[in-house]
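Colleague: I am attaching a structure below and will ask some questions about it afterwards.
The values are calculated or read from the model by the stated rules, or taken from the named source; none is laboratory data. Remember, it's a predicted structure, so these values are computed and weren't measured experimentally. Using ideal geometry, Cβ is built from the backbone for each residue, glycine included, and neighbour counts are taken over all protein chains shown. Note: areas computed on protein heavy atoms with side chains; ligands, DNA, RNA excluded. Shrake-Rupley method; radii C 1.70, N 1.55, O 1.52, S 1.80 Å.
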Amino acid sequence: MVLALLTVRGLTKTYGPACRGRGSEGCLLDREDDPGTSSCAACGLIAACSDVSFDVYPGEVLGIVGESGSGKTTVMRSLYLDHMPTSGEAYFAAFEAGRHNIFEADRPQRRRIRNYLMGIVYQEARRGLNLLVTAGGNVAERLLAADWRSVADIRSKAADYLARTEVPLDRMDDFPAFFSNGMQQRVQIAKALSNSPNLVLLDEPTTGLDVSVQAGVLDLIRDIRRDFRVAIVVVSHDLSVIGMLAERTLVMRHGRVVESGLTDQILEDPQHPYTQLLVSSAL
Amino acid sequence: MEQAPILRVRDLTKTFTMHVLGGKRVEALNGVSFDVSPGQCVALVGGSGAGKSSLLKCIYRTYTATGGAIAFKTASGDTVDMASADERKVLEVRRDEIRYVPQFLRAQPRMAAVDVVAMPHASNGRLEEVRKDAGAMLSFLGIQPELQSSYPSVFSGGEQQRVNVARALLRPRRLLLLDEPTSALDAGNRERVLDLLSAARRDGAAMIAIIHDIHVLQALADHVLVLDNGRAAEFGPLGRVDAARYVGGQP
């Protein structure tokens with residue numbers, strides 16, 4: 001029996017005070033079914049994600065699909081500890097042997113999780129990269145954060161990963177601000193992988209890219225998965241991206257997981273009305 | 001001597017509820033039961049829309065069965081109900097024991113044909129060895145080395161089908177689910193694919209195959225399951241079911 005690498009339970013992130021138990025209809029957060037909205041009619045609370053639970057196993061790719069506003073990115077940023085969830089737990093086998101909730105980690109522990117144990121690729125490169133530090137410098141920053149000290153080692157490691165992600169080495173000392181979107185994504189991927197993390201989070205890694213560039217980035221992700229045997233959570237609104245990369249998939253809507261299953265089952269035999277709509281809307 | 005079945009399908013039903021069409025319900029399978037033993041090949045026959053592909057997809061769990069049981073006996077002797085097993089277990093069974101060959105090749109884009117065949121079998125390293133075997137099998141099936149390094153998306157239908165079959169047969173699997181495995185092939189290639197499938201059967205692989213050609217059926221199958229409107233109309237040994245009534249082609 002293989003144990004989960006990451007176990008997420010009841011992850012909830014809300015904005016505004018909740019009217020739990022006070023409103024006559026009951027707060028959005030207390031409803032079990034899909035409420036059809038992410039904001040509570042009684043108190044105005046916004047539930048960006050609500051009671052999200054799932055497991056990620058070593059070496060697998062888990063997909064998360066859903067329309068914009070469904071809470072996909074909120075889940076990713078919660079896992080990377082960019083913000084603290086309102087409630088919920090996540091146990092990560094690489095951190096304290098999975099015995100402690102990562103959302104209760106103290107600051108040094110959070111740094112360790114972010115710098116050593118996980119990597120992330122954001123949809124917008126400017127969130128994941130410092131565009132006015134060179135491409136090599138961006139990777140080096142992450143290695144420095146993970147206590148690499150020798151300049152020569154850092155530089156050769158950064159060069160390795162940039163080469164692996166097909167960023168031309170003669171551009172290593174250029175600023176990513178002057179790179180194309182596809183190349184910026186590849187620098188982000190190099191940065192995310194450089195510390196050999198146990199888990200990589202990809203948030204819409206190919207959205208907004210030209211089809212040929214998108215193909216290059218997807219192939220890179222596929223190769224990385226094969227060569228590094230790293231577990232990946234990939235968020236996309238694009239079913240074909242999920243179909244290519246993920247073995248299992250969660251479908252989110254209004255902050256909730258409405259369906260989960262094997263990716264081929266989600267695509268060919270969707271059960272939930274929303275998943276059926278999503279699949280039937282594909283081109 | 002008859003071996004214990006590797007797969008027991010019992011009262012399998014599959015109903016699709018299409019919410020996008022106002023909750024319309026379509027019954028694809030209705031109470032289907034049959035067994036398959038190691039080394040046996042069950043031919044699935046019946047008109048279009050009878051439920052043949054739905055049956056294969058339920059066994060592979062691409063479709064989730066609405067009711068009934070699909071008991072698969074694994075190599076280690078456990079029984080896994082493909083209708084209800086958890087996702088992780090299904091993925092494990094798919095990786096090690098059951099292969100599904102859809103009628104049309106679905107492969108990772110921008111991957112060389114030889115890798116499309118080799119990759120699913122290279123889970124514990126040894127990629128070079130697996131790739132060599134993949135090349136040899138593709139050559140046997142008439143896909144020449146220069147073609148093996150190109151992408152199957154540019155191949156003809158018959159070439160894609162041979163890549164598809166090679167991918168399933170490169171390493172032994174205990175159960176093969178085949179959706180018209182020779183439909184796009186010329187006579188010579190059809191014989192070569194049948195040779196490979198027959199060899200897999202002799203090695204103990206069980207098969208369930210949708211077949212529309214009486215020649216292929218007689219060469220490969222020993223049992224016939226006739227589906228009619230989602231129900232098992234007839235099931236029995238090849239000699240006892242008049243398969244020719246349901247399929248085309250000359251014997």
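Colleague: With everything on Cα atoms, drop me the angle between helix A:181-193 and the longest principal axis of chain A, reported from 0 to 90° to the nearest 10.
Modeller: With both axes taken from Cα atoms, the answer is about 90 degrees.
Colleague: Karplus couplings for the stretch B:234-239 from phi (6.51 cos²θ - 1.76 cosθ + 1.60, θ = phi - 60°), rounded to Hz, Gly and Pro as x?
Modeller: Calculated HN-Hα couplings, in order: 8, 8, x, x, 3, x Hz.
Colleague: Could you give the size of the charge dipole of the stretch A:27-171 about its Cα centre, using +1 on the Cβ of each K and R and -1 on the Cβ of each D and E, expressed in debye and rounded to the nearest 20? If you can, show how the numbers build up before the last one.
Modeller: Values: 17 positive and 20 negative charges, 173 e Å.
Here the stretch A:27-171 has a charge dipole of around 840 debye.
Colleague: Do me a favour and compute the ellipsoid semi-axes for the stretch A:1-60 from its Cα gyration tensor, root of five times each eigenvalue, largest one first, whole Å.
Modeller: 30, 10, 9
Colleague: Report the residue, chosen from B:Asp133, B:Asp203, B:Asp186, that carries the largest GNM mean-square fluctuation when chain B is represented by alpha-carbon nodes joined by springs under 10 Å.
Modeller: Greatest mean-square fluctuation among the candidates belongs to B:Asp186.
Colleague: Continuing with this model, one more query. Along the Cα-to-C-beta direction of B:Ser123, a point sits 7 Å from the Cα; which residues of the stretch A:230-255 have their amide N less than 20 Å from that point?
Modeller: Label zone hits: A:230-233, A:243-249.
Colleague: Could you calculate, for the stretch A:165-229, the ratio of the Cα radius of gyration to the Kirkwood radius, expressed as Rg to Rh?
Modeller: Taking Rh as the inverse mean 1/r over Cα pairs, Rg/Rh reads 0.95.
Colleague: For chain A, give me the percentage of DSSP beta bridges that are antiparallel, rounded to the nearest 5 percent.
Modeller: 55 percent
Colleague: Need one value for A:267-276: mean number of C-beta atoms belonging to other chains within 10 Å of its residues' C-beta atoms.
Modeller: 4
Colleague: Largest first and in whole Å, give the semi-axes of the stretch A:104-186's equivalent ellipsoid, each being the square root of 5 times a Cα gyration tensor eigenvalue.
Modeller: Working through the eigenvalues yields semi-axes of 22, 16, 10 Å.
Colleague: With each pseudo-label sitting 7 Å past Cα toward Cβ, what's the B:Arg10-A:Glu268 distance in nm, one decimal?
Modeller: 2.5 nm
Colleague: What are the extents of the Cα atoms of the stretch B:1-145 along their three principal axes, in Å, largest first?
Modeller: That works out to 48, 44, 31 Å along the principal axes.
Colleague: In square nanometres and to one decimal, what's the mean projected area of the convex hull around the Cα atoms of the stretch A:14-155? Can you show the working numbers first?
Modeller: Values: hull surface 44.9 nm².
Result: a mean projected hull area of 11.2 nm².
Colleague: Quick query: amide H of A:Gly119 versus all other amide H atoms, modeled in the peptide plane; which residues come in under 5 Å with a sequence gap of 5 or more or a different chain?
Modeller: Long-range HN contacts for A:Gly119: A:Leu199, A:Val200, A:Leu201.
Colleague: Over the stretch A:236-279, calculate the relative contact order: mean separation of alpha carbon pairs under 8 Å at least 6 apart, over the residue count, as a percent.
Modeller: In percent, rounded to a whole number, it is 31.
Colleague: Mind giving me the nanometre distance, one decimal, between the label points for B:Ser149 and B:Arg245, set 7 Å out from Cα along Cα→Cβ?
Modeller: 5.5 nm
Colleague: Shielding of B:14-23 by partners, i.e. mean partner chain Cβ atoms within 10 Å per residue?
Modeller: Neighbouring Cβ atoms belonging to other protein chains average 3 per residue here.
Colleague: When Cβ neighbours within 10 Å are restricted to other protein chains, what is their mean count per residue of peptide A:244-256? Spell out each step's value before the answer.
Modeller: Values: counts 2, 1, 0, 6, 4, 1, 0, 0, 0, 0, 0, 0, 0.
That average works out to 1.
Colleague: Would you compute, for the Cα atoms of the stretch B:1-70, the largest minus smallest coordinate along each principal axis and list the three values in descending order, in whole Å?
Modeller: Rounded to whole Å, the extents work out to 52, 24, 18 Å.
Colleague: Just the number, please: carbon plus sulfur as a percent of the accessible area of the stretch B:55-198, 1.4 Å probe, no ligands or DNA/RNA counted.
Modeller: On the way: 2940 of 5970 Å².
Of the solvent-accessible surface of the stretch B:55-198, carbon and sulfur hold 49 percent.
Colleague: Hey, could you pull the Cα Rg and Dmax for the stretch A:164-283, both in Å?
Modeller: Radius of gyration, then largest Cα-Cα span, for the stretch A:164-283: 16.0, 51 Å.
Colleague: Dividing the Cα radius of gyration by the Kirkwood radius, what Rg/Rh value follows for chain B?
Modeller: In chain B, Rg relative to Rh is 0.96.
Colleague: Right, next: What longest region of chain A stays clear of trypsin sites (Lys or Arg not before Pro) that DSSP places outside H, G, I, E and B and that have at most 13 other Cβ atoms within 10 Å?
Modeller: A:150-228
Colleague: Compute the acute angle (0 to 90°) between the alpha-carbon long axis of helix A:135-145 and the principal axis of greatest extent of the alpha-carbon atoms of chain A; round to the nearest 10°.
Modeller: Compared with the principal axis, the helix lies near 70 degrees.
Colleague: For the stretch B:73-190, what number results from the quotient of the Cα radius of gyration and 2.2 N^0.38 Å?
Modeller: Ratio of Rg to 2.2 N^0.38 Å for the stretch B:73-190: 1.11.
Colleague: Taking 0.36 nm per intervening residue step and subtracting the Cα-Cα distance, what contour gain separates A:Val133 from A:Ser150 on full extension?
Modeller: Here the answer is 4.2 nm.
Colleague: Something else now. Using a 1.4 Å probe on protein heavy atoms, which residues of the stretch B:42-82 have at least 30 Å² less accessible area in the complex than alone?
Modeller: Residues of the stretch B:42-82 that lose at least 30 Å² of accessible area once the other chains are added: B:Thr62, B:Thr64.
Colleague: Using modelled backbone amide H atoms (1.01 Å from N, in-plane), which distant-in-sequence or interchain residues come within less than 5 Å of A:Ile64's amide H?
Modeller: A:Val234, A:Val235, A:Ser236, A:Leu250
Colleague: Considering only chain B, what is the antiparallel percent among its DSSP beta bridges, to the nearest 5? Walk me through the intermediate numbers first.
Modeller: Details: 24 of 42 bridges.
Counting DSSP beta bridges with both partners in chain B, the antiparallel share is about 55 percent.
Colleague: Oh, and also: Based on alpha-carbon atoms only, what is the radius of gyration of the protein assembly as shown relative to the globular estimate 2.2 N^0.38 Å?
Modeller: Dividing the Cα Rg of the protein assembly as shown by 2.2 N^0.38 Å gives 1.07.
Colleague: On a full-extension model of 0.36 nm per residue, what is the gain between B:Arg25 and B:Ser139, subtracting their alpha-carbon distance, rounded to one decimal in nm?
Modeller: The span from B:Arg25 to B:Ser139 would gain 36.4 nm if fully extended.
Colleague: Take every DSSP beta bridge with both residues inside the protein assembly as shown and express the antiparallel ones as a percent of the total, to the nearest 5.
Modeller: Working: 44 of 80 bridges.
About 55 percent, rounded to the nearest 5.
Colleague: At a 10 angstrom cut-off on C-beta neighbours, averaged per residue, how do the peptides A:263-273, A:197-207 rank from highest to lowest?
Modeller: A:197-207, A:263-273
Colleague: While we're looking at this one, here's another question. Residues of the protein assembly as shown: accessible area per residue at 1.4 Å, in Å²? List each step's numbers first, then the result.
Modeller: Values: 23340 Å² over 534 residues.
With the other protein chains kept in place, the protein assembly as shown gives 44 Å² per residue.
Colleague: Using the Kirkwood formula over every pair of different C-alpha atoms, what hydrodynamic radius in Å results for the stretch B:97-140? The partial results should precede the final answer.
Modeller: Values: mean 1/r = 0.0884 Å⁻¹.
So the Kirkwood estimate lands at 11.3 Å.
Colleague: Give the angle, between 0 and 90 degrees and rounded to the nearest 10, that separates the Cα long axis of helix A:211-228 from the longest principal axis of the Cα atoms of chain A.
Modeller: 80 degrees
Colleague: What total accessible surface area, summed over both chains, is buried at the interface between chains B and A, computed with a 1.4 Å probe and given in Å² to the nearest 100?
Modeller: Interface area, both chains combined: 2000 Å², rounded to the nearest 100.
Colleague: Further, regarding this structure: Would you mind calculating the gained length between A:Ser240 and A:His100 on full extension (0.36 nm times residue separation, minus the Cα-Cα distance), in nm to one decimal? Could the numbers behind the result be given before it?
Modeller: Numbers: separation 140, 0.36 × 140 = 50.40 nm, distance 3.57 nm.
Net length gain for the segment: 46.8 nm.
Colleague: Given chain A, what whole percent of its Cα pairs are spread farther than 29 Å?
Modeller: So the pairs more than 29 Å apart make up 35 percent of the total in chain A.
Colleague: Let me ask another. Where a Cα-Cα gap under 28 Å defines reach, which lysines qualify for B:Lys73, not counting those fewer than 8 residues away within the same chain?
Modeller: Partners found: B:Lys14, B:Lys52, B:Lys57, B:Lys89.
Colleague: Can you tell me which of B:223-229, B:196-202 comes out highest on packing, and rank the rest after it, using the mean Cβ neighbours within 10 Å? Kindly include the intermediate steps, with their values, before the conclusion.
Modeller: On the way: B:223-229: 20.7, B:196-202: 16.6.
Packing order, densest peptide first, comes out as B:223-229, B:196-202.
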